[in-house]
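Here the structure is laid out as structure tokens; the discussion comes afterwards.
Any read-out appearing in this document is the output of simple, stated calculations on the displayed coordinates, not a laboratory observation. For clarity, every value in this text was computed on a predicted model and none was experimentally measured. All Cβ positions, glycine included, derive from the backbone under ideal geometry; neighbour counts span all protein chains shown.
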Amino acid sequence: MYLGGFKVKSIGLDTSGKMIVRGPQKAKGQIMVSGSKNSVLPIMGASLLTDEDIVLKNVPDLADVRTMIEILESAGKEVERYDDELVIKSSGILNSEIPYEPVRKMRASFNVYGPLTIRKGYAKVALPGGCSIGARPVDFHLEGLKKLGIESNIEHGFVTSSLIKPNKEINVSLPFPSVGATEHILTTACLLDGVKTTITNCAIEPEVTDLINFLNEMGARIFGSETSILKIEGVKKLKGIEYTVIPDRIEAGTYIIMGALIGQDLIVKNVTADHLHSLFSIFEKMGSPIDYDSKRREVKISALQLSTLKSISMETAPFPGFPTDLQPQMTTLLSLVSGRSTITETVFKSRFYHIDELNRMGAKIRVEDNTAIIEGVNKLSGAPVEATDLRAAAALLIAGLVAEGETVITNVDHIFRGYEKIQEKMEKIGVDLFYVK
Ligand code: EPZ
């Protein structure tokens with residue numbers, strides 16, 4: 001099977017591939033941003049709310065999307081891919097017991113639990129595994145679903161549900177604007193016929209908005225999109241539709257940050273600036289505003305004069321704040337900006353595993369509580385490093401491309417979870433990557 005242009009044997013928990021990167025390199029030409037992973041995954045889960053055909057466009061070919069296809073097929077859907085289109089049809093049966101493995105390896109798949117329970121009265125889904133960026137609990141999900149009448153029982157690593165009649169008016173208040181919990185609860189509430197659900201302290205990430213647009217086009221009645229208070233009037237039935245997924249703002253941000261280090265008039269295409277204001281303002285704060293062409297929806301970026309950039313203090317935050325999914329990549333950039341910069345991670349408890357690896361390459365970063373304190377150095381040097389999650393893998397790849405010498409990134413298959421056709425896209429801009437399974 002090919003993934004990201006690489007021949008990979010299987011998409012399991014095995015992330016054992018190695019990427020060999022020789023730096024420094026230059027990136028010149030055009031790189032196209034694909035459809036959003038974090039938008040298409042909840043939208044695929046929401047397709048379980050109807051037996052009618054769903055056609056999704058601008059769907060990236062990623063390991064996580066393939067895992068979600070596996071999950072939909074085990075629930076009884078028939079899924080066909082035609083280039084960047086997915087056609088999701090019902091097979092006539094709907095199965096609400098999902099095998100353990102696919103859910104354990106990808107947290108986003110847990111969001112089928114609520115929709116399957118509403119449709120079948122019962123569901124059995126694996127409790128999602130933690131990963132290197134923290135325990136990743138689902139307590140907000142289960143507490144919210146309980147208000148919707150879904151009782152959950154956890155045993156042997158599975159969550160099993162039963163459905164009791166909910167009140168006619170439901171109020172769910174999220175302790176934190178959790179993206180997954182917001183998406184899971186709002187999706188499930190859509191089919192509570194005749195029930196009015198209000199969710200407060202919702203996440204307002206663009207991917208949540210994309211999911212709401214998708215559901216409303218299916219005939220759901222969700223009000224308050226792009227605000228932290230959502231009101232949902234449950235309906236009896238939702239219809240099949242065609243829908244185009246938004247571009248991936250994290251992939252876009254990753255390539256923009258890469259361009260700031262090794263770009264030579266690199267053009268990043270298919271960029272929605274509204275989804276990346278926080279990144280654009282960080283570049284302004286550093287003294288190098290991003291050159292964005294709003295008509296062509298593209299960024300033009302070249303390697304910055306790092307010694308002239310201002311060091312900064314910043315923090316990650318729920319949207320519209322700076323996305324935690326760009327924090328590792330930003331750490332790589334700031335490790336080469338002279339002076340002292342800090343990044344405070346406010347979304348996840350521990351998302352700094354890339355820092356030890358960057359220090360192996362000559363960065364000077366230390367962590368105090370949930371803040372990375374970065375003393376800028378004037379160069380990084382290639383070294384053997386290990387990727388611990390998808391965005392750490394991206395941060396290390398960028399570091400390897402700007403460092404002097406050879407970097408070998410082990411456990412690099414994480415990167416296929418979020419960066420479609422990465423070898424092909426890199427080759428097109430003159431960047432050489434060598435991958436060995
Ligand atoms: C989504 O994960 C994204 N994944 C993540 O992207 C992203 O980092 C995250 O949102 C934050 O923006 C997808 O959309 C598929 P959360 P999610 O619930 O929904 C805690 C990537 O690299 N929490 O917003 O799992 C949680 O531990 C991935 O593409 C609870 O305590 O994130 C975290 O500290 C990584 N209990 C915080 O809330 C819960 O029930 C935010 O998590 C749920 C979450």
Per-residue Cβ neighbour rank within 10 angstrom, fewest leading, L238, L276:
L238, L276
Euclidean distance between Cα centres, segment 344-411 to segment 171-199, Å:
36 Å
Would you please report the Å³ per residue occupied by the convex hull of the alpha carbon atoms in segment 278-337?
89 Å³
Cut-off is 10 Å between beta-carbons; in what order do T332, T244 appear when sorted fewest neighbours first?
T244, T332
Spatially proximal aspartates and glutamates relative to K421 (Cα-Cα < 14 Å; intrachain offsets below 8 disregarded)
D61, D64, D83, D84, D248, E251, D413, D432
Compute the distance from the alpha-carbon center of segment 134-153 to that of segment 154-168, in whole Å.
9 Å
The chain - share of DSSP beta bridges that are antiparallel (%, nearest 5)
70 percent
Can you check what the net charge comes to around H277, using other residues whose Cβ is under 11 Å from the Cβ of H277 (Lys, Arg +1; Asp, Glu -1)?
-1
Contact order relative to length of the chain, as percent, for alpha carbon pairs under 8 angstrom and 6 or more apart:
22 percent
In Hz, Karplus ³J(HN,Hα) per residue of segment 363-370 (6.51, -1.76, 1.60; θ = phi - 60°; x = Gly, Pro)
6, 10, 10, 10, 10, 10, 6, 10
Sorted peptide list for 47-56, 26-35, criterion being average Cβ within 10 angstrom, highest first:
47-56, 26-35
Cα-based equivalent ellipsoid, segment 37-244: semi-axes from gyration tensor eigenvalues, Å
22, 20, 17
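Under the rule a/c < 1.5 gives rounded, and otherwise a/b versus b/c splits prolate from oblate, where does segment 307-416 land using the Cα gyration tensor?
Oblate shape, in that a/c is at least 1.5 and b/c is the bigger or equal ratio.
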How large is the convex hull of the C-alpha atoms of the chain per residue, in Å³?
124 Å³
Work through the residues other than V172 whose Cβ is under 12 Å from its Cβ and net out their charges, Lys, Arg +1 and Asp, Glu -1.
+2
Neighbour-count ranking for F348, F140 (other C-beta within 10 angstrom, fewest to most) reads F348, F140
Expected 222 nm ellipticity per residue - DSSP helices of 4 or more, -39500 (n - 2.57), all of the chain, to 500
-8500 deg cm²/dmol
Return one number: the angle in degrees, 0 to 90 and rounded to the nearest 10, between the long axis of the Cα atoms of helix 206-217 and the longest principal axis of the Cα atoms of the chain.
30 degrees
Any chance you could get the radius of gyration and Dmax over the Cα atoms of segment 169-267, in Å?
16.9, 57
For M314, net neighbour charge (Lys/Arg +1, Asp/Glu -1) across residues whose Cβ lies under 13 Å away:
0
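Rounding to the nearest 20 debye, state how big the charge dipole of the chain is about its Cα centre with +1 on each Lys and Arg Cβ and -1 on each Asp and Glu Cβ.
180 debye
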Segment 37-244: antiparallel bridges as % of DSSP beta bridges, rounded to 5, reads 75 percent
